[in-house]
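**Q** Sharing a structure here in structure tokens format.
The values are calculated or read from the model by the stated rules, or taken from the named source; none is laboratory data. Quantities reported herein were computed from a predicted structural model and do not represent experimental measurements. Here the Cβ positions follow ideal geometry from the backbone for every residue, glycine too, while neighbour counts run over all protein chains shown.
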Amino acid sequence: MYIISLPLLVLTSFKRKHRVSIPRRFFPFVFPLLRAFDKKTYIGFCKDFSPQVWLHACSYGEVKSLQFIMSHLLDTNQTQSKDFAQSKQKDSKDCAQPLPSLSNSLHLPNLPHSQNSPHSPPPTNSPHKNLQILLTTITHTGYTLAKETYASYPNVRVEFLPFEIFLPFYAKRFFINSSKISCLNLLCVFEAELWLGLFSLAKCLNSHTMLLNARISSRSYPRYKRFSFFYRHIFALVDSVFAQSDEDKAKLESLGAKNIQAIGNLKAYNPPTITKNYDKPKGTLFLAASTHNGEEELIIDAFLSAFGKECFSKKSDIFLAIIPRHPERFDEVAKLIESKNLAFSCLSQGYEKAFCEKILLIDTLGELNNFYAIADISILGGSFAKEGGHNPLEPAHFQNVLISGEHIFNQKALFTMVQNAYIIKQNELESSLKNYKNLAKSYIDSTHSNLPQLLESIDKYLA
């Protein structure tokens, strides 16, 4: 199968988003040869490094989810970044309840941030200061975030995860050379990364194995059940599971998972990071966030039906900012707006020109949280199209009025943590827009947390 897939892998590796990740994952034996050209980049998987803890997260979102655990392992006590501390917060008197602070209520350490972590190595009195940590990921975006956040820590190694067939060749790097005794104490795998080879390797090294932030969407569950015989074999290698919800716990138990606790979604414990502080335009700012194909047109048409074309005129106090989920669709969305004879500006032209028109296309990367911070109403994409929805905690953190479509099968656990989220059908969007002044602001309900149980479990295997 791998030989048959080889031509496709080679072709895919030329695409920009896979140019780094696929060669590093599927052709790892080539990279020692490349050290002759770039010794800084091509070190080799876990070369001269023997981790006690191995954390594996697939992509950007999962790497963000593990920041709270990394903060605990590194025992960081650094303050939040200046940008985040100065980020615009909405007035809580207009909300049903004030915005809760998860990190403060739990009395847990602050997270490492990519902006200041290169200048904030772990304190010398850290109880985990000698702990060697391996962090693996699969996607280029996840790898980049992990590198930016943890590159300054000498006891952390960030790598792409080699594909399963190559993992046994690297097993010797998890051994102490003199005694050949495994030094790996704990493997933590995030969400749905159920790699048989990964868990098998960890058990061969007598490591405890954990599945963290585990979830199975309603859409995926029938496929899991169809191959339950295979997943029972994998879950036999997983010692403990921390699920996002009781519903996920029940699904995982039916597939053979054991020692399951429902502790909520780890993404809830990571406050959004603000990289730029923008001035809010004078008026009401609607944000169409992480939109997919077809959703931009749905939203624009709903605006035109609800308010008329004059809502985008110079005299209007309504602004609409659109952030497509995938950057390769920036041009496509621009052409869509042009086809409707509507004037718009692009963020790439500079923020000083951003709201010269009533429609702003955000055609630069890394801006989502920056605009949640100044938005009044967020329309969450990926939920009107059948994509499973996107993270509602970020707009709820900034107390946006939150409107979502009904297709949120990948985010159900997160939505249970958000109060005043309006989940509607496509044909209800127009009426919701008309009624926006009467909609309550969203906020995160953090009244229950089992996170300390997870941190205690991790420490148990590092003692």
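**Q** Name the residues in the range 393-423 that are within 16 Å of Ala440 (Cβ to Cβ) and small (Gly, Ala, Ser), would you?
**A** Listed by number, the residues that qualify are Ala396, Ser404, Ala421.
**Q** Now for a separate question. Have a look at Pro452, Pro395 and point out the one that is assigned to a helix (DSSP H, G or I), crowded, with 24+ Cβ neighbours inside 10 Å and not aromatic (Phe, Trp, Tyr).
**A** Pro395
**Q** While we're looking at this one, here's another question. Please give the number of the condition Glu295 fails out of (1) in contact (Cβ under 8 Å) with a residue 40 or more places away in the chain; (2) farther than 28 Å from Ser404 by Cα; (3) out of contact with any His (no Cβ under 9 Å at 6 or more places or on another chain); (4) not β-branched (Val, Ile, Thr).
**A** Failing condition for Glu295: (2).
**Q** I've got another one for you. Would you confirm whether or not the range 256-270 contains a residue that is closer than 22 Å to Gly366 by Cα and not in a helix (DSSP H, G or I)?
**A** yes
**Q** Which ones in the range 208-236 are among the polar types (S, T, N, Q) and either in contact with a Cys (Cβ under 9 Å, 6 or more places away or on another chain) or assigned to a helix (DSSP H, G or I) (or both)?
**A** The answer is Thr209, Ser228.
**Q** Any idea how many residues of the range 417-438 are surrounded by fewer than 16 Cβ atoms within 10 Å (Cβ to Cβ) and assigned to a loop (DSSP other than H, G, I, E, B)?
**A** 2
**Q** Restricting the search to the range 309-365, which residues are closer than 14 Å to Pro281 by Cβ, in a helix (DSSP H, G or I) and acidic (Asp, Glu)?
**A** Answer for the range 309-365, where residues must be closer than 14 Å to Pro281 by Cβ, in a helix (DSSP H, G or I) and acidic (Asp, Glu): just Glu352.
**Q** Tally the residues that are in contact with a strand residue (DSSP E or B) (Cβ under 6 Å, 6 or more places away or on another chain), part of a loop (DSSP other than H, G, I, E, B) and modelled with pLDDT of 90 or more, restricting the search to the range 41-77.
**A** Of the residues in the range 41-77, 1 are in contact with a strand residue (DSSP E or B) (Cβ under 6 Å, 6 or more places away or on another chain), part of a loop (DSSP other than H, G, I, E, B) and modelled with pLDDT of 90 or more.
**Q** Please determine, by comparing only the residues of the range 369-382 that are out of contact with any Ser or Thr (no Cβ under 7 Å at 6 or more places or on another chain) and more than 16 Å from Lys282 (Cα to Cα), which one is surrounded by the most Cβ atoms within 10 Å (Cβ to Cβ).
**A** Taking the candidates together, the pick is Ile379.
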